[in-house]
Every structure is written in C-alpha cells, then in structure tokens.
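Have a look at the structure that comes next, please.
The values are calculated or read from the model by the stated rules, or taken from the named source; none is laboratory data. Note that the structure is a prediction, hence the values are computed from the model and not measured. Here the Cβ positions follow ideal geometry from the backbone for every residue, glycine too, while neighbour counts run over all protein chains shown. Accessible surface areas use protein heavy atoms only, side chains included; no ligands, DNA or RNA. Shrake-Rupley method; radii C 1.70, N 1.55, O 1.52, S 1.80 Å.
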Amino acid sequence: QPLDFETKKAYTFKVEASNLHLDHRFHSVGPFKDTATVKINVLDMDEPPVFSKPTYTMEVYEDTPVGTIIGAVTAQDLDAGSSSVRYFMDWKNDVDSYFTIDATEGTIATNELLDRESTAQYNLSIIASKVSNPLLSSKVNVIINVLDVNEFPPEILVPYETSVCENAKPGQVIQTITAADKDLSPAGQRFSFKLSSEASNKPNFTVHDYRNNTAGIETRRNGYSRRQQELYFLPVVIEDSSYPVQSSTNTLTIRVCRCDSDGTIQSCNVEAIFLPVGLSTGALIAILLCIVILLVIVVLYVALRRQKKKDTLMTSKEDIRDNVIHYDDEGGGEEDTQAFDIGALRNPKVIEDNKIRRDIKPDTLRFARHRPPAEDNTDIRDFINQRLQENDVDPSAPPYDSLATYAYEGNGSVAESLSSIDSLTTEADQDYDYLSDWGPRFKMLADMFGEESYNPDKVT
C-alpha cells in the first residue's frame, strides 16, 4: 500500500524461514527454521499541499457589494519541513473574473456585482502550491451558489387587454389573470391581487383574488354602452410574498363589444361609436367611395378649365411666334390684293382648304402647253397679255420660289407706263411738267426735270 511518512515513519515485523520438505533421518537434529526481525524506515518525500476538503460549496446573495468575503479554502504542507502555502485561481473562462482569492489566507471575495437571473451558479478551480517548491501544487473545485434577492415586482401575464359585452350582467367573470416574477420565486410564494385605491370607488369592475396566484375580473353593473364609453382602464395591484415585499400596479384595458345573446363577441370596431344603428361596414365604404369619386371629378374639372384658359392665351398671343409661314413670291403692286391673304399670318387655321396654295409647287403634273410662235409684226402688248393669261390659268405656274419680271406697267398706275417702248424718240422732246401733278412723292423728280431747271447735260 502507499506509504506516508507524515502518517507513519517506520514499520517493524518478523520474518520466519523454514524448510518445506524435511528428511526423517535428520528429524532429531532440528528444528529446521529461523526467525529474523525486519525494521523499515519510511523516508520523507517533498509532497504538494493537501486541502482540508475534497470540494468546497459556498453561497452568496445577488447584488452583494464588491469585495465581500464569501468563504475560504485551506491547504497544508504535511511534510516535515512544513512549507507555507500560496493560493491562486485557475483561470478557465471569463466567469472566474467575478471572484478573487487571497494568496496567503485563501479567502474568496466578490469582484463584480452578481445577478441571480443571469447566472445562478459558478464553478471555480483553486490551486495551492508550496512556497519552497512552486512546482508541487494541488487543485480543488469550489461551487458558489448565488442566492436570489426579491428585487423585481410581479407583473400581469398577457393578455393586458380584454373585452366586455354590452349586455353583460353584474358578477360576470370576463377575464382570469395571473402574474409572473422575474425573481427566482421560492417554493410556496404567493401573489395577491387587488384594485388600486382610486379604482375601488368606481362601480364598473372589480378583482376577485382566488388565493392560488390567479384572479378574476368581474363586472359590477348591468350593461355597458359603446356609444357612451368604449374603453375602460382598470388598475390592478399585485404583491408577492418574498422579503422585502415587492408590488406593482398593472393597467388592464377593457373594450366594450357588441355580443349576441349567448355572449359571443360580434363586433368591437370603433365604427359603432360614430355610425347610427343599422349602418354596416359596406355602407360606410360606399359612402367613402362616393366622396373620393366626387373629389376626383372636381379636380379634373378644375384642371380642364385651367388648360382651356391657357390654350386661349396661347392662340391669341403666341400663335404668330409659334406658327410661322414663309411666303417667297413678290408682291403685285397696289392693286394686287389676291397674291396672299395677310390674315393667314395671324391664324393659319382660317386658310380655306379648297384654295390653291400659291406659295408651294402643286403636286399635279404640269402639262406641256402649245405656244403659237409670235409673228414678227405682233404687238408686244398682245404678246405679254397672252403670256399673262397662260400663267394665270396654269395651276402649276409660278410664283413658287420664282420671280416673274414684266416690262409693262398696268393701267392703274398714276405714272402710267415708264417703259422705253412708249417713250419719245429723243429725250429732249420729253415733257416732264406732269411730274408736279403726281404728288409730294415725286416732288424731287419734278424739281429735277422741271421746265425751268431741266438741263439734259446735268441729268444722270
């Protein structure tokens, strides 16, 4: 068996040796055995420290102030030299940082605030080593249980909202409630339910505590009206049985609903408060749809009126700028009023469709015209009239981007003909007195070619 110097330092015992097979011839010589005393001294070996317990269990309340000592471990050096022992923590994870240990005394203290609801138990490893030989060490487990402190008040479990029928009777249970506590409730903890002081005087609802951690919400009046009040807010006070006692006030929302004779809820909508009796949801939707359609019609009407007004302004003020027509034919004089209509510049829409456009070349084919040869003795006047007539009746004739030059003046001119065809033979035989009868526009010519100041040599 293992030997321990600190338990027993020496062992003494006797050893006997004898022959197993004796010869009877030498039996008288005997005895044939011998006895010797053996003493064994156990030598002392350097051993690690030994803890007083195989495991340690400690307890501490949550929210204990930092630095509070919660327990201690003890280890001894049983060798003859009896060296002192030092303690330290075997760091395995971040959880170990919640505690510290004194290296000399072995006391364990809190290093951070503990929360029972977060971690309920901690498992630490403490190492003890000899000061004379730090390589010799031993380890022990320390279990720390965090005890609960009643720091949270109980609260109502869902639902926080319930309903009551309009035809409810007094004493009718409309909801059963229970509570929950964030603290680790000890066995046998009880919750109590009651109305707050301000709600006790209102004869609408009451709370009946069943003494089994549940309570019922009961009605206290005969019938409720949604049109008068749709929602009721009932403050319920809940207390626990731990020390110190914690309590909280929870507000329960009660909605008034329309029910049938069996108590089955049919409607809890807000529309019943504002609509008269008999007006359904479909009727409300139809009314809203009609209102939306009317609004759309009004918006479209206003938009069309604005667009029409804008078009009128554009036609009257901006048509000349936005609708430009180019005319490339030459004017025909004072009497030519059929060359083009000036009104087309103001509004191109007034151009009649049946009139032939004189500003562009028509698409019809131009037929070859047979022109009789002019005789040598044909008068120039007849020749020009003939050509004019041909052009007037020809729909494909100019003026489209062309200029026709005529050397014959019309009869409507005040100056009559200025062509050299009808002039006198010599310039000296010409009488220019008639220039004074042509008006102020020809005054300069009358002064230059008058009878008194006329000098053929000076005329250019």
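Tell me the per residue accessible area of segment 50-147 using a 1.4 Å probe; a whole number in Å² is fine.
54 Å²
What is the ratio of the Cα radius of gyration of segment 155-267 to 2.2 N^0.38 Å, where N is its residue count, to two decimals?
1.14
Can you flag which of Lys39/Lys130; Lys9/Lys53; Lys53/Lys130; Lys169/Lys202; Lys9/Lys33 are past 21 Å Cα-Cα?
Correct reply: Lys39/Lys130; Lys9/Lys53; Lys9/Lys33.
Please list, ordered by chain and number, the residues whose modelled amide H lies under 5 Å from the amide H of Leu195; skip anything fewer than 5 residues away on the same chain.
Residues meeting the criterion, in which the H sits 1.01 Å from N, are Val207, Val237.
A further question follows. Which trypsin sites (Lys or Arg not before Pro) in segment 119-219 pass both tests, a DSSP loop state and at most 16 other beta-carbon atoms within 10 Å?
Counting only loop positions with at most 16 other Cβ atoms within 10 Å, the trypsin sites (Lys or Arg not before Pro) in segment 119-219 are Lys182, Arg190, Arg211.
Sticking with this structure for a sec: Could you check what % of the DSSP bridge pairs in segment 50-147 are antiparallel, to the nearest 5?
The answer is about 75 percent antiparallel.
By average Cβ neighbour count within 10 Å, what is the ranking of 433-441, 66-74, 19-27 from highest down?
Highest to lowest by the protection proxy: 66-74, 433-441, 19-27.
Please identify every one of the GluC sites (Glu not before Pro) in segment 6-97 that sits in a loop by DSSP and has no more than 16 other beta carbons within 10 Å of its own beta carbon.
Listed in order of number, the matching sites are Glu6.
Here's a follow-up. Leaving out ligands and nucleic acids, and using a 1.4 Å probe, what accessible area per residue does segment 155-267 come to in Å²?
55 Å²
Cα centroids of segment 202-269 and segment 17-90: how far apart, whole angstrom?
73 Å
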